[in-house]
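Shown next, in C-alpha cells, is the structure this report addresses.
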Amino acid sequence: MTIAPVAASAIASPWAKALASLHQRYDDEPATIMRTKEGRSISRFRYHNAERRWSLTEVVPFHESRFSNPALHYAGFVCQQALCAYLLDVGFADDWNARHIKQDIAKALAYANACGFGHDCPDMARLAMVLSPYWKWGYHYDEWEEDRPHTGGFIPATIKPLVRALVDRVHDVTGHPRPKGCRLRAQEARS
C-alpha cells in the first residue's frame, strides 16, 4: 500500500470543526494534517511497539496485588503508543504529538476520535481519564497513604480487555500488519 503525501491543514480537513474545538479546549496550537510515507512508517513502528508490549501481558501477567499502578502504567504506555500510531497515520506530525499529547491518554483518545478513529467505548474513555497522565502510575503510590491517585475501580482484569480492544482498533483502522508472533495471541485473546 502506498500513501501519497496529502497536505491538508486542520481548517480544510473533514475534521476541522472537531479539531478546532479540541485545540481551543486544550489550548493547543493547531495541527497541520499531512499524510506522508515517513508518518506512516513511524505509525507502524508505534503500533508494533504497542502490540509487542501488550502481547507480553499474556506471557508475564500483570501484577495482581490490590494496587493496580504497575498495570495502569503499563496500559498507559501501550495506549499512548497505539493512539499516537493512529494520529500519525492520519497525518499528525510526531513532534506535534510529542509537544501536545505527551502522556495524556484522554487527550490522545479525544483527538483520535475527532479524526475518525471511531472508538467510542465509555469504559475506555473512563480508563483514559484514570491513566492521564500515565507517568503518575510509575511511582510507588501503593506505599503512600495519602495523595495516591484514584484507580477508578480498575484492576488488571478489567484493564486488559479495554486495552486489547483499543490496540485491535488501531490495527483495524490503520491496516498495519501485526508484528510476527502477535497475530495468534491477539486472535486467541478475542476468542
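The table below lists the values:
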| read-out | value |
| --- | --- |
| Residue list for the range 154-191, restricted to those being on the phi > 0 side of the Ramachandran plot and at pLDDT 85 or above | GLY175 |
| In the range 110-123, residue most open to solvent (accessible area, probe 1.4 Å) [restricted to those that are farther than 12 Å from ARG169 by Cα and in a helix (DSSP H, G or I)] | PRO122 |
| Cross-chain or 6+ apart pairs with Cβ under 7 Å, the range 113-127 first and without any contact (Cβ under 8 Å) to a residue 24 or more places away in the chain, then part of a loop (DSSP other than H, G, I, E, B) and exposed (fewer than 13 other Cβ atoms within 10 Å of the Cβ) | ASN113/ASP120 |
| Hits in the range 1-23 - residues which are in a helix (DSSP H, G or I) and either modelled with pLDDT under 70 or among the small types (Gly, Ala, Ser) (or both) | ALA16, ALA18, ALA20, SER21 |
| Identity of the residue in the range 27-40, part of a helix (DSSP H, G or I) and either under 15 Å from ASP95 (Cα atoms) or among the hydroxyl-bearing types (Ser, Thr, Tyr) (or both), that ends up most open to solvent (accessible area, probe 1.4 Å) | GLU38 |
| Residues (of a type in the set (S, T, N, Q) and farther than 13 Å from ALA75 by Cβ) located in the range 113-137 | ASN113 |
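Yes/no per residue for (1) open to solvent by less than 10 Å² (accessible area, probe 1.4 Å); (2) at pLDDT below 80; (3) at positive phi; (4) not in a loop (DSSP other than H, G, I, E, B):
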{"site": "ARG25", "(1), (2), (3), (4)": "no, no, no, yes"}
{"site": "ILE42", "(1), (2), (3), (4)": "no, no, no, yes"}
{"site": "ALA50", "(1), (2), (3), (4)": "yes, no, no, yes"}
{"site": "LEU56", "(1), (2), (3), (4)": "no, yes, no, yes"}
{"site": "PRO61", "(1), (2), (3), (4)": "no, yes, no, no"}
{"site": "GLU64", "(1), (2), (3), (4)": "no, yes, no, no"}
{"site": "ALA75", "(1), (2), (3), (4)": "yes, no, no, yes"}
{"site": "PHE92", "(1), (2), (3), (4)": "yes, no, no, no"}
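The values are calculated or read from the model by the stated rules, or taken from the named source; none is laboratory data. Because the structure is a prediction, the values reported are computed rather than measured. Reconstructed Cβ throughout: ideal geometry from the backbone, glycine too, with neighbour counts over all protein chains shown. Surface accessibility is based on the protein's heavy atoms, side chains included, excluding ligands, DNA and RNA. Shrake-Rupley method; radii C 1.70, N 1.55, O 1.52, S 1.80 Å.
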